[in-house]
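Down below is the structure, laid out as structure tokens.
Each reported figure results from applying straightforward, stated rules to the coordinates on display, with no laboratory input. The shown structure was predicted, so the numbers you read here are calculated from the model rather than taken from an experiment. Ideal geometry is used to build each Cβ from the backbone, glycine not excepted, and the neighbour counts take in all protein chains shown.
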Amino acid sequence: MASLGNLPDGVIIEILSRLPPESLLRFKCVRKSWYALFNDPKFKAKHFSTSLQHKHLLLKRLVTKDSGKKENIFSILKLPLSIHSSLSISDIDLPFHEDFRFFEIHGHSHGLLCLTDLRKDIFLCNPSTREFHQLPPSILLLTEPSAEPDDYDSSTNAVGFGYDSKSRDFKVVRVVDFVEGPGYFYPPKVEVYDLSTERWREIQTPVSGHVFWAPCFEVFHEGTYYWWADADGNTEIILTFDMSEEVFGQIPVPESFQGTGDWYRSLGVLDGRIVLFHYPSRGDERRFDMWEMGKDESGGVSWSKVLTIGPVSGIEKPLLFISSEELLMEGNGGQLIVYNIRSEEVKEVPIKGSPGRFQGTAFVKSLLSVKGGDSINYEF
């Protein structure tokens, strides 16, 4: 039998491209040629394409250690995570040097995560390679809050990360709001970070809404980032940002949502389509209405209610679809629930965390770097 070293280079590359990143990182020291290969953007792109066949779930939850200290734990769960399957989970030891208790995921693409506390710090992270990169300071945010009550101040509620398929680069967008004194608001400004250059730049584009918080809402999907927002101060919308064109847009929501401020909204993706959940913010027994986004006859956005879950007890919020029939949800006791939308079966996953602090995303392991230099050479 021929040894691996005697096989043709093409066969060796094909074999190596099918291995998980954790194995390839250990193999870097085997040969100099392998070290160079694993850093080659073309091999990274090939490896990612192969990894698409093996999808995982990345979960973030806040836990309390035996010492009483709270910290975010990131875990990778192998899919399918179904009603009838056993659990395969591995916690990730990420090299945090900051207090990450208040950091949330603000976008995932190609195995890379964006983490921020919406103050000033933004980090990009590849959980598979444990690579971490802190972005340079904002060019728009004021560095220190003013001590004078009538002076200027700045803040941000909108950060999003995604992939630009035209420039073949990864980008982070941040909207910065400015206020003077007790409440005179100026038009927001926008900056974009390009991974290839590792720099921020300001873009001149109008922002058509003001982002505010909604549980498990923000999503990057097919080149567009989505936030919950309002326009003109009283009309709820979905604010979008096109990563390639670098323009904002707005999507109307079902008319029945207006005036239901005591209800939550959550966004998701089911079989490649955007879906929107609408449900009470309080109560042990809740009903979850799911709406699907489509197009009307004129090409505009239309919504149709396609499903109602419940009333069910003990569910806090939907997290994401992990298959065409199974929805991962958070229980109000800080547990994970798999709910089958067809059979209405429920399975509790033995993973615990602080209530209200779960985030999850479908995840593909990759070798892609969170540092600039070769990102524009990736072809997916």
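Could you give the dipole magnitude of the chain about its Cα centre, charging the beta-carbon of Lys and Arg +1 and that of Asp and Glu -1, in debye to the nearest 20?
It comes to approximately 1800 debye.
So which of K70/K365; K65/K347; K44/K189; K42/K70; K55/K317 end up more than 31 Å apart by C-alpha?
From the list (K70/K365; K65/K347; K44/K189; K42/K70; K55/K317), the Cα-Cα distance tops 31 Å for K44/K189; K42/K70.
I'd like to know which of V207, C29, W227 lies farthest towards the positive end of the charge dipole of the chain, counting +1 on Cβ of Lys and Arg and -1 on Cβ of Asp and Glu.
C29
How big is the charge dipole of the stretch 307-367 about its Cα centre, in debye rounded to the nearest 20, if each Lys and Arg gets +1 on its Cβ and each Asp and Glu gets -1 on its Cβ?
260 debye
Taking the Cβ-Cβ separation of E22 and K166 as r and a Förster radius of 25 Å, what is the calculated FRET efficiency to the nearest 0.05?
0.20
Name the long-range amide H neighbours of S128: under 5 Å, sequence gap of 5 or more, or other chain; modelled H, no Pro or chain starts.
The list, which skips near neighbours in sequence, is S366.
With r defined as the distance between the Cβ atoms of D40 and V63 and R0 fixed at 41 Å, what FRET efficiency is calculated, to the nearest 0.05?
According to the calculation, E is roughly 0.60.
From the residues Q258, W303, F277, which one has its Cα farthest along the dipole of the stretch 169-305 in the positive direction, the dipole being from +1 and -1 charges on Cβ of Lys/Arg and Asp/Glu about the Cα centre?
Highest projection toward the positive end goes to F277.
Mean separation of Cα pairs under 8 Å and 6+ residues apart, divided by the residue count of the chain: what relative contact order is that in percent?
18 percent
Is the C-alpha gyration tensor of the stretch 224-380 telling us rounded, prolate or oblate? Criteria: a/c under 1.5 is rounded; beyond that, a/b larger than b/c is prolate, otherwise oblate.
Verdict is oblate for the stretch 224-380.
If I build a Gaussian network model for the chain, linking alpha-carbon pairs within less than 10 angstrom, which residue out of T235, T129, T156 has the largest mean-square fluctuation?
Of T235, T129, T156, the Gaussian network model singles out T235 as fluctuating most.
Given springs between every Cα pair under 10 Å in a Gaussian network model of the chain, which of M293, M243, M329 has the largest fluctuation?
Maximum among the listed residues: M293.
For every other residue with a beta carbon closer than 12 angstrom to the beta carbon of I105, add +1 if it is Lys or Arg and -1 if Asp or Glu, then tell me the sum.
Working: positive: K60, R61, R357; negative: E104, D117, E218.
Around I105, the charge tally is 0.
Going by the alpha-carbon gyration tensor, a ≥ b ≥ c the square roots of its eigenvalues, is the stretch 239-278 rounded (a/c under 1.5) or, if a/c is not under 1.5, prolate (a/b greater than b/c) versus oblate?
Numbers: a/c = 2.81, a/b = 1.53, b/c = 1.83.
Cα axes put the stretch 239-278 in the oblate bin.
Put a dot 7 Å past each Cα toward the Cβ at H54 and Y152; how far apart are the dots in nm?
Output for this residue pair reads 5.1 nm.
Quick one: net charge of N332's neighbours, Cβ under 15 Å, K/R +1, D/E -1? Don't jump to the answer; show the numbers that get you there.
Values: positive: R61, R282, R286, R287, K317, K352, R357; negative: D284, E285, E316, E330, E348.
Neighbourhood net charge equals +2.
Please identify which residues in the stretch 248-271 have an amide N closer than 18 Å to a label point set 7 Å out from the Cα of R287, following the Cα→Cβ vector.
254-266
Quote to one decimal, in nm, the extra length available between W213 and Q134 on full extension: 0.36 nm per residue of separation minus the C-alpha distance between them.
Between W213 and Q134, full extension yields 26.1 nm more.
Mind telling me which of F170, F288, F102 comes out most flexible in a GNM of the chain, alpha-carbon contacts under 10 Å?
F102
Where a ≥ b ≥ c are the square roots of the eigenvalues of the C-alpha gyration tensor, would you call the stretch 195-266 rounded, which needs a/c under 1.5, or, failing that, prolate if a/b is larger than b/c, or oblate?
Here the stretch 195-266 falls in the prolate category.
What spacing in nm lies between the two simple spin-label points modelled at E222 and K305, each 7 Å away from Cα in the Cβ direction?
Distance between label points: 2.5 nm.
Tally Lys and Arg at +1 and Asp and Glu at -1 over the other residues with C-beta under 9 Å from the C-beta of G160: what net charge comes out?
Here the count lands on +1.
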